[in-house]
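Read the structure below first, then the notes.
Just so you know, all these numbers are worked out from the coordinates, no wet-lab data involved. For clarity, every value in this text was computed on a predicted model and none was experimentally measured. Positions of Cβ are generated from backbone atoms using ideal geometry, with glycine treated the same way; all protein chains shown enter the neighbour counts.
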Amino acid sequence: MLFTCAPKFRLPSSSLLVFRRYHHVPGTSEVSAWMPEAAGFGGVRDRSGLQDFSVGRAESFWAAAARHRLSWIRPFRTVQDCDFSRGHITWFGGGRLNVSVNCLDRHVQNSPERVALIWERDEPGSEVKVTYRQLLEMTCRLGNLLRRRGVKRGGCVTIYMPPCPLAVAAMLACARIGAAHNVVFAGFSAEALAERIRDAQSSTVITVNQGVRGGKVIELKKTVDTAVQSCPSVQQVLVAMRTENPVVMTARDVAMEEEMLLEDTVCEPAAMDSEDTLFLLYTSGSTGKPKGLVHTQAGYLLYASLTHRYVFDYHDGDVFGCVADIGWITGHSYSVYGPLANGATTVLFESTPVYPDPGRYWEMVQRLQINQFYGAPTAIRLLLKYGDQWVHKYDRSSLKTLGSVGEPINTEAWEWYHRVVGGGRCPVVDTWWQTETGGICIAPRPSEPEAEIIPGMAMRPFFGIKPALMDSEGKELTSNNTSGALCIAQPWPGMARTIFNDHQRFIDTYCRPYPGYFFTGDGAYRSEEGYYQITGRLDDVINVSGHRIGTAEIEDVLNQCPAVAESAAIGYSHDIKGQGVYAFVVLKTSVDIQEGALSQQLKNMVAKGIAKYACPDCIQIVQRLPKTRSGKIMRRVLRKVVECDLDGLGDLSTLDDPAAVQEAIKGHCDLCRKEQVQ
Ligand code: WTA
């Protein structure tokens, strides 16, 4: 089956086509000095030769990388066994290893006192450093506690915590004893948390008494209490103390730190098969039900480690600052697994970009001497508006590479990041990837150090990645200067293996739309020079401040309101957030309600049902929604209405009732005038 609704490909806006090129100082191009595992790749002379080799002779490339970078308990026998048509993906078959040993023990052996984590707590200047030795000790105590409390190899532990050393220890403790972790972003509501706990069938939840962010206290334990009421699988909740305020503890709750102190500091690591589950991570798709993507041990860790090393040009001794929350894949791969596998010092950022003021990031860069800074375009756009003085106040000379992730970075934000934050010295890497891909797939680096970087473009595939653009008939587009649905044509070790408990959905979503390819759900443009630029989602997924949310998830919540007959949520361009949510609702005929109050009620429902970030900025009440004759809501048309792009309404011939569009336009204009949404 092909992608059913023919994707519309957006060409990049003209501003993105104004390419300015940046060149950086040449460095060594001696391939094997730069990448030791490449020593055996005869005939490979430079980094682009290495790229060709990694794709053309993928098995040799990945086998060498896996032997070199990972410590194995038992060597693997096969490199890969993959068949996209069945969604069957296996890497490093027969191999055994333990991820926590790879992230901790082997570094403790060489440099126990090296700092593994810098916990950048909410209050600036109150950071806490944790060495590899201490992190291993914490992980072992927690691993033993989990084991003693009945968590088995193959079980699943849900972690609902802000970024902090104990959260990392919890992830690694699961890895140590062979349980999967399921980290849920601590901004999700009780209902969203409960849904993820139930789907993952967790019997154990780990949380903190309270979170602290932007100077505010967040009642995380209370949220867990509410959530577990509807989770019969949960037998125990381990509670760590982030603040000194006591919380109500029930018979089900365990004082985590107190019990950890009773445990031994040595914990036997489980010998895991390469393809055992390492973690589940829920993300939004185009139905109302979030999907629990499954990542496994060896392939994921190898891919996170290799991308961390080469995309950011990480070197031994560098301080790596990824400011993403551990509740997202970026936090998993680039705050935790990639850096720790490489023995790096990694920052865990608990605060916000504007707390206590818009200089926070750069004051932190100066204080912690951060070498690589990895953040989201939405924060860059926000800080840009506050002006350059907040950046100039601080010394950023430690910075070597700047990274961007989660959504397209517009040229203005890219230029500011490069020129003001990086002082024109640091390569900016716009990294494209997804929860599904496990690690960065397209980014300007690695390439020769002097190779050009074009603003706002992810540009070049990573080692072993073979992107493909498909047309609406499902044929691969082979020429340049063309746009299509972005697929990846051959497997790579970091890719997700399945959707937890729903392999068929995995096949239908990623493998069936373009048989023989992995479909990403994104559209992309390939330039004349062969560089990639991501143009946005092709499905009903909205990207709000770099966070994915499905329109169906929002609509499901809105439709639960007794006054609402039906609704349509869409994403529209938003200056800071990238996209904002806008909802159209049709009320039941008998309802007589005050619009402002209803609007507020609906927003509260979304915050309670999902998370604050998913709340519509604006709710417009309409008599009817524009639909096709077969009854499908035409969200494409509504999006154009909200973006005031009436010329772009496109083909309306399948529309059932043209008056619905006119009504939406008029209502939107009235609202714009009233609320000045745009
Ligand atoms: C979008 C985040 C443009 C894209 C790592 C993708 C991007 C979705 C970029 C994945 C980028 C991520 N340029 N778009 N550099 N990076 N995206 O799963 O639509 O939270 O499919 O993973 O974010 O979001 P996810």
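For a quick check: with amide H placed at 1.01 Å from N, whose amide H comes under 5 Å from Ser286's, ignoring anything fewer than 5 positions away on the same chain?
Long-range HN contacts for Ser286: none found.
How high is the relative contact order of the stretch 604-678, given as a whole-number percent (alpha carbon pairs under 8 Å, six or more residues apart)?
Details: 64 pairs, mean separation 23.6, N = 75.
It comes to 31 percent, rounded to a whole number.
Which lysines, if any, have their Cα less than 16 Å from the Cα of Lys221, not counting same-chain residues under 8 positions apart?
Lys608
Taking the highest mean first, how do the peptides 375-382, 230-237 order by number of other beta carbon atoms within 10 angstrom per residue?
Ranked by mean Cβ neighbours within 10 Å, highest first: 375-382, 230-237.
Rank-order 307-314, 336-343 by packing density, defined as the average count of other C-beta atoms within 10 Å over each peptide's residues, highest first.
Values: 307-314: 23.9, 336-343: 25.9.
Top of the packing list down: 336-343, 307-314.
Greater than 26 Å separation of Cα atoms is the criterion. Which listed pairs, Lys577/Lys640; Lys466/Lys612; Lys577/Lys632; Lys577/Lys603; Lys289/Lys627; Lys222/Lys674, meet it? Don't skip to the end; give the middle numbers.
Numbers: Lys577/Lys640 18 Å; Lys466/Lys612 37 Å; Lys577/Lys632 28 Å; Lys577/Lys603 17 Å; Lys289/Lys627 23 Å; Lys222/Lys674 38 Å.
Violating the 26 Å Cα-Cα cut-off are Lys466/Lys612; Lys577/Lys632; Lys222/Lys674.
Using the alpha-carbon centroid of each, what span in Å lies between the stretch 409-463 and the stretch 600-642?
Each part's Cα centre sits 33 Å from the other's.
I'd like the Karplus ³J(HN,Hα) series for the stretch 370-382: coefficients 6.51, -1.76, 1.60, θ = phi - 60°, whole numbers in Hz, and an x wherever there's a Gly or Pro.
Listing the rounded values in order: 6, 9, 10, 10, 10, x, 10, x, 4, 5, 4, 4, 5 Hz.
Taking a ≥ b ≥ c as the square roots of the Cα gyration tensor eigenvalues, with a/c under 1.5 meaning rounded and otherwise prolate when a/b beats b/c, else oblate, which class fits the stretch 293-351?
Values: a/c = 2.11, a/b = 1.08, b/c = 1.95.
Since a/c reaches 1.5 but b/c is at least a/b, the shape of the stretch 293-351 is classed as oblate.
Once you sort the root eigenvalues of the Cα gyration tensor of the stretch 587-676 as a ≥ b ≥ c, which label holds: rounded (a/c under 1.5), prolate (a/b larger than b/c) or oblate (the other case)? Walk me through the intermediate numbers first.
Numbers: a/c = 1.68, a/b = 1.55, b/c = 1.08.
Here the stretch 587-676 falls in the prolate category.
Would you please name the GluC sites (Glu not before Pro) within the stretch 529-611 that are DSSP coil residues with at most 16 other C-beta atoms within 10 Å of their C-beta?
Values: sites: Glu529, Glu553, Glu555, Glu566, Glu595; in loops: Glu529.
Listed in order of number, the matching sites are Glu529.
If the cut-off is a Cα-Cα distance under 18 Å, which aspartates and glutamates reach Lys291, setting aside same-chain residues fewer than 8 apart in sequence?
Those aspartates and glutamates meeting the cut-off are Glu191, Glu195, Asp199, Glu436, Asp502, Asp508, Asp522, Asp539, Asp540, Glu553, Glu555, Asp556.
Show me, for the stretch 642-647, the HN-Hα J-couplings you get by feeding each phi into the Karplus relation (A = 6.51, B = -1.76, C = 1.60, θ = phi - 60°), rounded to Hz, glycine and proline as x.
Per-residue couplings from phi come out as 5, 7, 6, 9, 6, 5 Hz.
For the chain, build the charge dipole from Cβ charges (+1 Lys, Arg; -1 Asp, Glu) around the Cα centre, then report which of Met171, Thr277, Gly95 sits farthest towards its positive end.
About the Cα centre, the residue reaching furthest to the positive side is Gly95.
Would you please classify the overall shape of the stretch 189-307 from the alpha carbon gyration tensor, given that a ≥ b ≥ c denote the square roots of the eigenvalues, rounded means a/c under 1.5, and beyond that prolate means a/b larger than b/c while oblate covers the rest? Kindly include the intermediate steps, with their values, before the conclusion.
Numbers: a/c = 1.70, a/b = 1.23, b/c = 1.38.
Since a/c reaches 1.5 but b/c is at least a/b, the shape of the stretch 189-307 is classed as oblate.
Output the peptides 261-269, 163-171, 412-420 sorted from most to least packed, where packing is the average of other Cβ atoms within 10 Å over each peptide's residues.
163-171, 412-420, 261-269
Calculated from DSSP H runs of 4 or more alone, at -39500 (n - 2.57) each and per residue, what is the 222 nm mean residue ellipticity of the chain, nearest 500? List each step's numbers first, then the result.
Details: 21 runs with 191 residues, N = 678.
That comes out to -8000 deg cm²/dmol.
Provide the per-residue ³J(HN,Hα) series for the stretch 181-196, in order, calculated from phi with Karplus coefficients 6.51, -1.76, 1.60 and θ = phi - 60°, each as a whole number of Hz, with x at glycine and proline positions.
These are the phi-based 3J(HN,Hα) values: 9, 9, 7, 10, 3, 6, x, 6, 6, 4, 5, 5, 5, 4, 4, 6 Hz.
What are the residues whose amide H is under 5 Å from the amide H of Ala240, where those residues sit 5 or more places off or on another chain and H is modelled from the backbone?
Residues meeting the amide H criterion: Thr207, Val208, Asn209, Met256.
Lys and Arg at +1, Asp and Glu at -1: add these up for the other residues within a Cβ distance under 11 Å of Asp656 and post the number. Please report the intermediate quantities before stating the final value.
Working: positive: Arg624, Lys627, Arg629, Lys632; negative: Asp657.
Charge balance in the 11 Å sphere: +3.
Around Lys385, what is the net charge, scoring Lys/Arg as +1 and Asp/Glu as -1 over all other residues with Cβ under 13 Å from its Cβ?
Local net charge: -1.
Please list, or write none, the aspartates and glutamates whose alpha carbon is within less than 13 Å of the alpha carbon of Lys216, excluding same-chain residues fewer than 8 places away.
Asp122, Glu123, Glu350
About the Cα centre of the chain, what is the dipole size in debye to 20, counting +1 per Lys and Arg Cβ and -1 per Asp and Glu Cβ, all else neutral?
Values: 71 positive and 74 negative charges, 107 e Å.
Rounded to the nearest 20 debye, it is 520 debye.
Please arrange Cys140, Cys618 by how many other C-beta atoms lie within 10 Å of their C-beta, fewest to most.
Values: Cys140 25, Cys618 20.
Final ranking by Cβ density, sparse to dense: Cys618, Cys140.
What is the sum of charges around Pro515, taking Lys and Arg as +1, Asp and Glu as -1, for the other residues whose C-beta is under 13 Å from the C-beta of Pro515?
On the way: positive: Arg86, Lys475, Arg512; negative: Asp83, Glu473, Glu476, Asp508.
Residues close to Pro515 contribute a combined charge of -1.
With the radius of gyration and the Kirkwood radius both derived from the Cα set of the chain, what is their ratio Rg to Rh? Provide the component values of the computation, followed by the final result.
Values: Rg = 24.5 Å, Rh = 25.8 Å.
Reported Rg/Rh, Kirkwood definition of Rh: 0.95.
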